[in-house]
Amino acid sequence: MATDRKRVAGPESSVAPLVEYPIDHQPWTPFTEKRHDSHRQPEDLRPIYLKTGLISEANGSAYIELEKTKLTCGVYGPRPVKRAGQGFSDRGTLNCEIKFATFSCVKRRGTMRDAQEKELSQILSQGLTPAVRLELFPKSNVDIYITVLESDGWGSCVAAAFTVASVALAHAGIEMLDLVAGCSASYVPTSIPSTTSTSSTSEAPSEGAGSITPQIFMDADLEEEKFQQGSIVLAYMPSLNQTTHVLQTGKAEGAIISQSVEHCVEACNKIFAVMNHALLESIDQKKV
């Protein structure tokens, strides 16, 4: 079996660190409190820090931080296609690649790209392509590289990737129709469904027996996602009032999905103001 000689080998046996909790400490559940962060309401987002110009070698770059979710993005191009045998194309191509750092998640990630990262790269490409004017870059590539430094929830990580990649594209001077803001929502039950005892001879319970209507948690973190019944990630262009991508997982009623989309659109409009402010700050820095 091949080993990495450049990596310092750890001990064969290790001991988990001792974490001291208060005597009255209890694990969080959505049945006892509304949200994992008691200061947040169901419709509240985490504070967003967005900065451009992080990577000096890239044509455009950005960094986004939502408490324990941290991502960096670098944009390179447009540059000519170097693959031999490819015919002339009157439209450019947008290549997206997302990579989780080995220390970004609770469970250590591998150094090679896995199936989840390839799937997320394709989702980002589908969500960003409608906003970029690729017809202005014939036979050219625009490469987007996103690195997840810390992940605190799958949905929030994908939504933040849309936002940081869009800002990095604008910082690189790539002409776009509009910025793409990303937002996520999770369907989390906040009460335990009631069940009624029935005898063996009684009729089977109806399909809706014991079911409860989940509550919509905007920008859910990792602890809240452990209890979710489903989630949605929306990529939205606020100025044009158009959706570029919708990613739905799990099961939910149509009314819940429609309500979550409305909440995501409102949240994207708020994120759009943060994106504009970050780009205006980068312009002011160039003038100095």
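For this structure, a couple of remarks:
- Computed E for Thr102/Lys139 - FRET, C-beta separation, R0 30 angstrom, nearest 0.05: 0.25
- Distance between the modelled labels on Ser191 and Gln215, one decimal in nanometres: 1.1 nm (7 Å Cα→Cβ projection).
- Cα-based shape type of region 49-124, given that a ≥ b ≥ c are square roots of the gyration tensor eigenvalues and the cut on a/c is 1.5: oblate
- The dipole here belongs to region 30-167: it is taken about the Cα centre, uses +1 on the Cβ of Lys and Arg and -1 on the Cβ of Asp and Glu, and is about 360 debye.
- FRET E, pair Arg113, Lys226, Förster distance 22 Å, beta-carbon r, rounded to 0.05: 0.30
- Total charge dipole magnitude, region 210-280, about the Cα centre, Cβ charges on Lys, Arg, Asp, Glu only, Debye to nearest 20: 180
- 19 Å Cα-Cα threshold exceeded, pairs from Lys99/Lys286; Lys34/Lys226; Lys68/Lys118; Lys34/Lys270: Lys99/Lys286; Lys68/Lys118; Lys34/Lys270
- Working from label points 7 Å from Cα in the Cα-to-Cβ sense, the Asp90 to Thr29 distance is 6.2 nm.
- Cα-based shape type of region 16-146, given that a ≥ b ≥ c are square roots of the gyration tensor eigenvalues and the cut on a/c is 1.5: prolate
- Take the Cα of Asn269, step 7 Å toward its Cβ, do the same at Val246, and the gap between the two points is 1.8 nm.
- Region 56-124: trypsin sites (Lys or Arg not before Pro) in DSSP loop, at most 12 other beta carbons within 10 Å: Lys82, Arg83, Lys107, Arg108
- Cleavage-rule hits, chymotrypsin sites (Phe, Trp or Tyr not before Pro), region 98-174, DSSP coil, Cβ neighbours within 10 Å at most 16: Phe103
Values quoted throughout were computed directly from the atomic coordinates according to the rules given, and no laboratory measurement underlies them. Source: prediction; values computed, not measured. Because the Cβ atoms are built from the backbone with ideal geometry, glycine has one as well, and the counts that use them run over all protein chains shown.
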